[in-house]
Structures are given as structure tokens and as C-alpha cells.
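Trainee: Input: one structure, supplied below.
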Amino acid sequence: MKVGMIGAGSIAQIMHLPYLAEIPDIEIEALADPGANTTETLGDRYNVPNRYRDSETLIQEERNHLDGVVIATPMQTHADLAISALEAGLHTFVEKPIAVTPEDAERVVEAADAADVDCMVGYMKRYDPGFQRFAELVDDIDQIDLATSVVIPPDVGSVLEDTYDLIQADLDDSFIEESMAARQRQCEAAIGTEDETLTRAYGYHLESICHDVNALRGVFGSVTGIDHVDVFSDWKYLTAQLRYEGDLRCMLESGATDRMWYDERIQVEAPDRSVSIGFSNAFIKNTPADVRVKQGTDETEETIHTPSADEAFKRELEHFRDCVDESATPRTTPTDAQRDVELIADLFREFQGHELVGEPRT
């Protein structure tokens, strides 16, 4: 299987490139990044023969030589690049979120439906052995009283600087300004506002909680209602009460801090037990998630499961390989990813009193 790597930023350097090089039957044939220093250094490191500064050029020039592409560029470019790759007949792995706006997410779904190739979205938590164990334990519960999802990551930039020696792309100021302006325009369009605080909040929380929104979808199904949303502490915090099928309530909390510890967890309350998963820092390799079960009414028993230290990023890329060779079908689909973008946009639209754009909700 011959792949092209599109985007060579932090997550590509930490996870995607090393694991693509490590997985049997995968060859990295092409690499694209706007930083010439990045493509040259990483191209030499991973012995990549074809190197580009423009992602679209890679897709068009390599379309007859590659089986697929892995897209790990800034989120405002995901939709257009995924559509180009799908229309070029390339199996497409695109990092989350699938797009910034619901409209662009729908365009990717339409392109994926029309293409005779697979499209898979990079929700690596769905491939985490700990999450899979958590989902099994939740599925065994007859009555769920409440679910809670908390996402308060640390200052990721500081964590990366302390942990990895990453190559920073040498980019022109004009290139960065143009890219950030595109992000801003898309965030404004997604939630129907030009308010700078709200658009900054949407951009941050979209990137931060789309993993967890998708994980909740994998366990509980579709959201049927948004009961309450608050955005506060300037742009940094968001809380919401969601309703899922079966009238299940879920409290969602998302925040941004300068703390150095990682707080990302889902907890399910039942009459006789509590089941929770605590995710480790997604940027630190081979740090497993812990799954905890507390049960009992008269006496309490606690069990801690640590199913595996297998890296979820590697497992999802292995799954992508299996989709390309037709031994598997994508577990994290563009359609579900579209619904995730719609839901997060609707949280901000609900907060503003705007009409919602996603699935019918009361």
C-alpha cells in the first residue's frame, strides 16, 4: 500500500509518519508540507522519494501512483483536500474535524458517497483498547441515570516542547495570515456571527471536543436534544446538557487552561455502579487509558482495567490499511463526522438563539 502524507506538523511528526513507516505493507511514497525545511528533513528521515510544498500538487501528480493519502493539515483545509483526494480516486484518511463548517462537512460526505474509494476520519479514541473496553462495559448496563464528559487539556504547546524535538516549518508571515483568515471566516460562517470571542471559542472547542463528541456517539448514538449551553470565562469554557436516544442526559464540559495535567474523561452513572474512562495525554505515546468500575450499594468494589498500551494512532492507521485492502470497512465515517461538526456548531448557535443546522432536535 503506497500512501502520501499531506501535512507534516506536530501530530504527523509524533504519530502518523513514524507509524506509517513502522506498519507492514505501507510505504510512504510522497510528502507535502508548505515548509521546505520540513519536507526535506522528514523526507530524508523517512526516505520519501516524492516531496511537495503544495498538497493539491501531490494529489494530482501522484494520483496514479498512490493507493491513498493521510491528511493532517490545519482543520480549515481538511474539506477541500479530502474532496480533491476522493475525486482523484485515492483512499482518504482525514484528521478530525472533517471540516470547520457543517456545509463543508456535507460536501465531503457527498464526495465520499460518489467515490469508489474509502474515506475514514481520524478519531483515534475509537480505536483505543481502553475505549473499546469502556463501551463494552457501558453496553452491559440496563439503566443509565447520567453521563458526564469532561475535556480540559493542558497547554499543549508546552507539553510538546518539553517532550519532543519537533521541526518547525519556516513559513512566510503572509502564508500564516492567509491561513488564519480562512479559519476565521469558516468559524464565523459555521456559527453565524462575527463576534471574535465566540468564533475563537468555536474554533478551540471544535478541535478540542470533536473526539469526545464522536466517542459519545459511539456509545450512546445520536443526540436528540440540546437542553442548555453556556460559553463563559471569555472564550475558554463551554458547558452543555445533551439528550441522547432513550432520554439519556449527558453533561458536557470543555475548557482551556495553562495547567500541565490532562483531564479528559467520560463517566456513566447507574443505580448500582459507575463506569468511567480517563484518557491519557493524546500527544504522549503508549500511555494507556484507565477504565474504572465502582459497584455496590451495601458494599463497594472498585476494579481498574488497563486493557493495553497499544497506541491508538497506530491502530487507526492499521485499520485504514485494512480498509484499503478491503478486509475492513471504516469505523469512523464521514457521515458521523459531519454530524459531530453540526452538533458542535449547534451548541454555539443554540447559545446565540440561532436556528440549528443539524439533526432535528427539540
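The values are calculated or read from the model by the stated rules, or taken from the named source; none is laboratory data. Since the model is a prediction, treat every value here as computed from it, not as a measurement. Reconstructed Cβ throughout: ideal geometry from the backbone, glycine too, with neighbour counts over all protein chains shown. In case anyone asks, the SASA skips ligands and DNA or RNA and just uses the protein heavy atoms, side chains included. Shrake-Rupley method; radii C 1.70, N 1.55, O 1.52, S 1.80 Å.
Trainee: Out of 266, 277, 304, 284, I need the residue that is assigned to a loop (DSSP other than H, G, I, E, B) and among the β-branched types (Val, Ile, Thr). Which one?
Mentor: The unique qualifying residue is 284.
Trainee: Tell me, which strands (runs of 3 or more DSSP E) lie completely within region 24-106 with 3 or more residues that are closer than 18 Å to residue 170 by Cα?
Mentor: none
Trainee: So, one more: For region 333-362, which positions are in contact with a Gly (Cβ under 8 Å, 6 or more places away or on another chain) and β-branched (Val, Ile, Thr)?
Mentor: Listed by number, the list holds a single entry, 362.
Trainee: Being over 21 Å from the mean Cα position of the chain (by Cα) and buried (at least 17 other Cβ atoms within 10 Å of the Cβ) is the filter here; which residues of region 120-146 pass it?
Mentor: Selection gives 137, 138, 144.
Trainee: Would it be correct to say that residue 199 is open to solvent by less than 60 Å² (accessible area, probe 1.4 Å) and either farther than 22 Å from residue 96 by Cβ or in a strand (DSSP E or B) (or both)?
Mentor: Spelling it out, it is not the case that residue 199 is open to solvent by less than 60 Å² (accessible area, probe 1.4 Å) and either farther than 22 Å from residue 96 by Cβ or in a strand (DSSP E or B) (or both).
Trainee: Among (1) free of Cβ contacts under 8 Å to residues at least 60 places away in the same chain; (2) outside any loop (DSSP other than H, G, I, E, B); (3) open to solvent by 50 Å² or more (accessible area, probe 1.4 Å), which single condition is residue 327 missing?
Mentor: Residue 327 satisfies all of (1) free of Cβ contacts under 8 Å to residues at least 60 places away in the same chain; (2) outside any loop (DSSP other than H, G, I, E, B); (3) open to solvent by 50 Å² or more (accessible area, probe 1.4 Å) except (2).
Trainee: What number of residues within region 236-250 are open to solvent by less than 30 Å² (accessible area, probe 1.4 Å) and either among the aliphatic types (A, V, I, L, M) or modelled with pLDDT under 95 (or both)?
Mentor: 4
Trainee: Out of the residues in region 152-170 meeting the condition of being within 15 Å of residue 281 (Cβ to Cβ) and among the small types (Gly, Ala, Ser), tell me which one is nearest to the chain's Cα centre (by Cα). Lay out the reasoning, then the answer.
Mentor: Step one: of region 152-170, the residues within 15 Å of residue 281 (Cβ to Cβ) are 152-164.
Right, trim to among the small types (Gly, Ala, Ser) and you get 157-158.
Numbers: 157: 18, 158: 20 Å.
Per the stated criteria, the residue is 157.
Trainee: Answer yes if at least one residue in region 158-172 is touching a Lys or Arg at 6+ places or on another chain (Cβ under 7 Å) and either of a type in the set (Gly, Ala, Ser) or surrounded by fewer than 17 Cβ atoms within 10 Å (Cβ to Cβ) (or both), and no otherwise.
Mentor: no
Trainee: Taking residue 186 and the conditions (1) in a loop (DSSP other than H, G, I, E, B); (2) of a type outside the set (Phe, Trp, Tyr); (3) at pLDDT 95 or above, which numbered condition does it fall short on, given that it satisfies the others?
Mentor: All conditions are met except number (1).
Trainee: Return the only residue of 322, 340 being crowded, with 20+ Cβ neighbours inside 10 Å, out of contact with any Leu (no Cβ under 6 Å at 6 or more places or on another chain) and either in a helix (DSSP H, G or I) or without any contact (Cβ under 8 Å) to a residue 60 or more places away in the chain (or both).
Mentor: The unique qualifying residue is 340.
Trainee: Output yes when any residue across region 297-305 is in contact with an Asp or Glu (Cβ under 9 Å, 6 or more places away or on another chain) and surrounded by 16 or more Cβ atoms within 10 Å (Cβ to Cβ), and no when none is.
Mentor: Yes, because at least one residue in region 297-305 is in contact with an Asp or Glu (Cβ under 9 Å, 6 or more places away or on another chain) and surrounded by 16 or more Cβ atoms within 10 Å (Cβ to Cβ).
For (1) closer than 25 Å to residue 341 by Cα; (2) modelled with pLDDT of 95 or more; (3) in contact with a Gly (Cβ under 7 Å, 6 or more places away or on another chain), each residue gets a yes or a no:
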position: 37; (1), (2), (3): no, yes, no
position: 66; (1), (2), (3): no, yes, yes
position: 75; (1), (2), (3): yes, yes, no
position: 84; (1), (2), (3): yes, yes, no
position: 141; (1), (2), (3): no, yes, no
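Trainee: For region 251-263, what are the residues that are in a loop (DSSP other than H, G, I, E, B) and either open to solvent by 40 Å² or more (accessible area, probe 1.4 Å) or farther than 29 Å from residue 195 by Cα (or both)?
Mentor: Residues of region 251-263 that are in a loop (DSSP other than H, G, I, E, B), as a first pass: 255-262.
Across region 251-263, the qualifying residues are 258, 259, 260, 261, 262.
Trainee: Here is a list: 221, 192. Which entry is surrounded by fewer than 18 Cβ atoms within 10 Å (Cβ to Cβ), on the phi > 0 side of the Ramachandran plot and within 22 Å of the chain's Cα centre (by Cα)?
Mentor: 221
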